[in-house]
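Please read the structure below before turning to the comments.
No lab work stands behind these numbers, since they all come straight from the coordinates. Values in this document were obtained by computation on a predicted structure and should not be read as measured data. Backbone-built Cβ (ideal geometry, glycine too); neighbour counts: all protein chains shown.
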Amino acid sequence: MADFSDRVVLVTGAGGSLGSAVARTFYAGGARLVLAERSPEKIAAALPEIAQDADRALVQAADLTDPASVVALVQVALERFGQIDALANTVGGYRAGTPVHETPVEQWEFMLSLNARTAFLVSQAVIPPMLERGSGHIVHVAARAALSGGAKMAAYSASKSALIRLVESLAAELKHSGITVNCVLPGTIDTPQNRAEMPKADFSKWVAPEAIADVIAFLASDAARAVQGAAIPVYGRS
Ligand SMILES: NC(=O)c1ccc[n+]([C@@H]2O[C@H](COP(=O)([O-])OP(=O)(O)OC[C@H]3O[C@@H](n4cnc5c(N)ncnc54)[C@H](OP(=O)(O)O)[C@@H]3O)[C@@H](O)[C@H]2O)c1
């Protein structure tokens, strides 16, 4: 595991199943953390010890669909720690189950907002301070389902595909800047929510949040300085 002790990492969705694993991984690597959630109480509940370590962790409420909230998040992070070396954006979600002709337009828009707009806004906000420093790592979380559309999941699949295209465009724009932009493509993650929703599945085939967190940490480290615009499968055994 890379040494992050001189690094500041912004983890969004840090109270979620993957986000909390990502926060723990960077914390174990010595990073100072800015932990963002719509409801910060979620972070206090998921990461009690880290959230209480005021020297190394700042817990901040932010709605990543809201441009002003995202700008405020980055501002507060910079005021507190002076820099953002890496962004690990885990915000996102899943709604599916109906064919296109039965899917409410609100669901289409919700998916694009939650999975693509959020990544667009938070990338926009962290890039200027990273450009100033001439370095930075941005890691987003797309999904295996981004690679091809499947039945009854058009909105989800399209929104995660949009995220991959965003990552590729950012990578092309930033390749001379010292900033890397990549994403991971999880298969089904072994989360309490998935276990509750699919109790008969073989959980051993699913990918553990900690295993994805290790890949995200690698992409946020200087060891991955030559990796640019990648969409890395993290499927576990599924
Ligand atoms: N779980 C899977 O099997 C799977 C598979 C492939 C990809 N992924 C992707 O992996 C990532 C993490 O998934 P997960 O299972 O860990 O989900 P999760 O537990 O729901 O975590 C996502 C976190 O993001 C927060 N969030 C949602 N909207 C937000 C907003 N507008 N502003 C700020 N925070 C917001 C959620 O908080 P709230 O409670 O407030 O909504 C939640 O804490 C997501 O991008 C997901 O699409 C998951």
Please give every one of the lysines within straight-line cross-link reach of LYS205, meaning a C-alpha to C-alpha distance under 16 Å, and leave out same-chain neighbours fewer than 8 residues apart. none
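Please report the relative contact order for the stretch 8-234, taking Cα pairs under 8 Å with a sequence separation of at least 6, and give it as a percent rounded to a whole number. Provide the component values of the computation, followed by the final result.
Values: 436 pairs, mean separation 45.8, N = 227.
About 20 percent, as a whole number.
Using the number of other C-beta atoms within 10 angstrom as an exposure proxy, rank TYR156, TYR27 with the fewest first. Can you show the working numbers first?
On the way: TYR156 27, TYR27 21.
With the sparsest Cβ surroundings first, the list reads TYR27, TYR156.
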Nearest 10 degrees, 0 to 90: helix 209-219 Cα axis against the chain principal axis: 50
Near-label residues of the stretch 212-238 by backbone N, under 15 Å of a point 7 Å along Cα→Cβ of ASP202: 236-238
Quick one: angle between helix 118-133 and the longest Cα principal axis of the chain, in degrees between 0 and 90, rounded to 10, please. 20
Taking H as built 1.01 Å from N, whose amide H comes closer than 5 Å to the amide H of ALA57, not counting residues under 5 places away? LEU33
Cleavage-rule hits (trypsin sites (Lys or Arg not before Pro)) in the stretch 188-238: DSSP loop, at most 12 neighbouring Cβ within 10 angstrom: LYS200, ARG225, ARG237
Any chance you could run the full-extension gain for ARG225 through SER148? It's 0.36 nm times the residue separation minus the Cα-Cα distance, nm to one decimal. 24.9 nm
At a 10 Å Cβ-Cβ cut-off, how would you order THR65, THR25, fewest neighbours first? THR65, THR25
Residues whose built amide H sits under 5 Å from the amide H of ILE232, excluding neighbours closer than 5 in sequence, are CYS183, VAL184, LEU185
If you plug each phi of the stretch 145-152 into the Karplus form 6.51 cos²θ - 1.76 cosθ + 1.60 with θ = phi - 60°, what whole-Hz ³J(HN,Hα) values come out, in order, with x for Gly and Pro? 5, 6, 7, 7, x, x, 4, 6
For ALA2, net neighbour charge (Lys/Arg +1, Asp/Glu -1) across residues whose Cβ lies under 12 Å away: -3
For the stretch 174-188 and the stretch 1-18, what is the centre-to-centre distance using only Cα atoms, to the nearest Å? 15
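Counting other beta carbons within 10 Å of each residue's own, what order do MET1, MET111, MET130 fall into, fewest first? Walk me through the numbers before you get to the answer.
Details: MET1 12, MET111 26, MET130 23.
Exposure proxy ranking, most exposed first: MET1, MET130, MET111.
Taking the stretch 1-101 on its own, what percent of its Cα-Cα pair distances exceed 20 Å?
Details: 1708 of 5050 pairs.
Of all Cα-Cα pairs in the stretch 1-101, 34 percent lie more than 20 Å apart.
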Whole-Hz Karplus couplings 3J(HN,Hα) for the stretch 93-99, θ = phi - 60° and coefficients 6.51, -1.76, 1.60, Gly and Pro as x, run x, 10, 9, 7, x, 10, x
Spelling out what I want: for every residue of the stretch 171-181, take phi, set θ = phi - 60°, compute 6.51 cos²θ - 1.76 cosθ + 1.60 (Karplus), and round to whole Hz; glycine and proline get x. 4, 5, 6, 10, 5, 9, 9, x, 9, 9, 9
Report, in deg cm²/dmol and to the nearest 500, the calculated mean residue ellipticity at 222 nm for the chain, where each DSSP H run with n ≥ 4 adds -39500 (n - 2.57) and the sum is divided by the residue count. -12500 deg cm²/dmol
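Sorted from largest to smallest, which semi-axis lengths in Å does the alpha carbon gyration tensor of the stretch 56-149 give for its equivalent ellipsoid, taking the root of 5 times each eigenvalue?
On the way: eigenvalues 182, 40, 23 Å².
Equivalent ellipsoid semi-axes, largest first: 30, 14, 11 Å.
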The stretch 218-233 to the stretch 82-138: how many Å between their Cα centroids? 18
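Calculate, for ALA28 and SER135, the FRET efficiency according to 1/(1 + (r/R0)^6) with r their C-beta to C-beta distance and R0 25 Å; round to the nearest 0.05. Mind dumping the intermediate values first?
Working: r = 22 Å, r/R0 = 0.89.
Step by step, r from the Cβ atoms, then E = 0.65.
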Can you give the direction-averaged projected area of the convex hull of the alpha-carbon atoms in the stretch 8-234, in nm²? 12.1
